[in-house]
Amino acid sequence: MLLALATAVPALAQCAMCEGSAGAGSDAGAAYNRSTLFMLSVPYLLLGGIGGYVVYAFRRGRSSAQDTSEDEAPIEEEERD
Amino acid sequence: MATEAPPDPRPARASAITSPIPNHRLVMLAFLGAEAMLFTGLLGATMVLRSGAPMWPPAGQPLLPIWAGSANLVLLAAGSAGMMRATRGVRSASHRRLVSGIGLTLISGAGFLAVLGIEWARLYREGLRTTTTGSYGPIFYTLTGCHALHALAVMIWVGILLVLALRDRFSPAHHEPVEMAAMFWHFVAVAWVFLFVVLYLL
């Protein structure tokens, strides 16, 4: 961890490059910001969508299993009689 | 000498736990999520490059024909309808619906590639190049080319499905390949909607 932090110092110098070329207030800076937000939002939307589908599928599976067991119960009673 | 195991005092489970999501569908969702990130990166780069240009499209460069993008949208939607028909057909053991749905998708896909090819040729003749027109040409050719490769890949897949369907290899119990190809086709169609809006309309 310390080694990674130590070697990251030259990389931090590149922040000044971005700040100079696409700093806040410039068109390029706004474009970078919009693009970053767009690309950041998509993984969350994908995970939310797929996760929502997984939850929905599990709930549907559980409720259909309960329906099946409720349907089967009277038949068992009839068989006992 | 083998000894008999003592009986398990625990009650037997009423039924085995099965996943409500089939594995093939889950795998395809993960794959399509990765594909979506590829197009997200391309669209993000497009947003940055467009905003950096003083004028869009650059002076002297041809406008992208909206008719071509719209025609491709309709063709991909028709392909999606075809795959839905094929999926319903294989689930209901209707061989005719399966084959006709796959056929419709193949015809739509061929139409999509033909329209895109005509558009590329026309724009190239009008001076839209990949290296000498700033970022306008590269953005268009990269996004549409990447999408066309996906369309070609899914068409090859659907073509193989057609051959297998004609040999009667699918049944309601074995419909996974058709469903996976349908998911891929729907993804290609939805990706075109985003490309159409970003490239042609904005």
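Every number in this text was worked out from the coordinates using simple rules, so none of it is lab data. Keep in mind that what you see is a predicted model, and the values were worked out from it rather than measured. Note that each Cβ is placed from the backbone with ideal geometry, even for glycine, and that neighbours are counted across all protein chains shown.
On C-alpha positions alone, give me the angle between the axis of helix B:23-52 and the longest principal axis of chain B, in degrees, nearest 10. With both axes taken from Cα atoms, the answer is about 20 degrees.
Ignore the peptide's own chain and count Cβ atoms of other chains within 10 Å of each Cβ in A:33-39; give me the average, rounded.
Numbers: counts 2, 4, 11, 3, 2, 4, 7.
Rounded to a whole number, the mean comes out at 5.
Full extension of the chain segment joining A:Leu37 with A:Glu70 gains 7.0 nm, where the gain is 0.36 nm per residue of separation less the Cα-Cα distance.
If contacts are Cα pairs under 8 angstrom and at least 6 residues apart, what is the relative contact order of the stretch B:81-202 in percent? Walk me through the numbers on the way to the answer.
Values: 99 pairs, mean separation 42.1, N = 122.
This gives 35 percent for the stretch B:81-202.
Per-residue ellipticity at 222 nm computed for chain B from its helices equals -24500 deg cm²/dmol, with DSSP H segments shorter than 4 residues left out and the rest contributing -39,500 (n - 2.57).
Using the Kirkwood formula on the Cα atoms of chain B, what hydrodynamic radius do you get, in angstrom to one decimal? Intermediate values should be presented prior to the final figure.
On the way: mean 1/r = 0.0513 Å⁻¹.
Taking the inverse mean of 1/r over all distinct Cα pairs, chain B comes out at 19.5 Å.
Between B:Trp56 and B:Ala173, the distance separating the two model label sites (each 7 Å from Cα on the Cα→Cβ line) works out to 5.5 nm.
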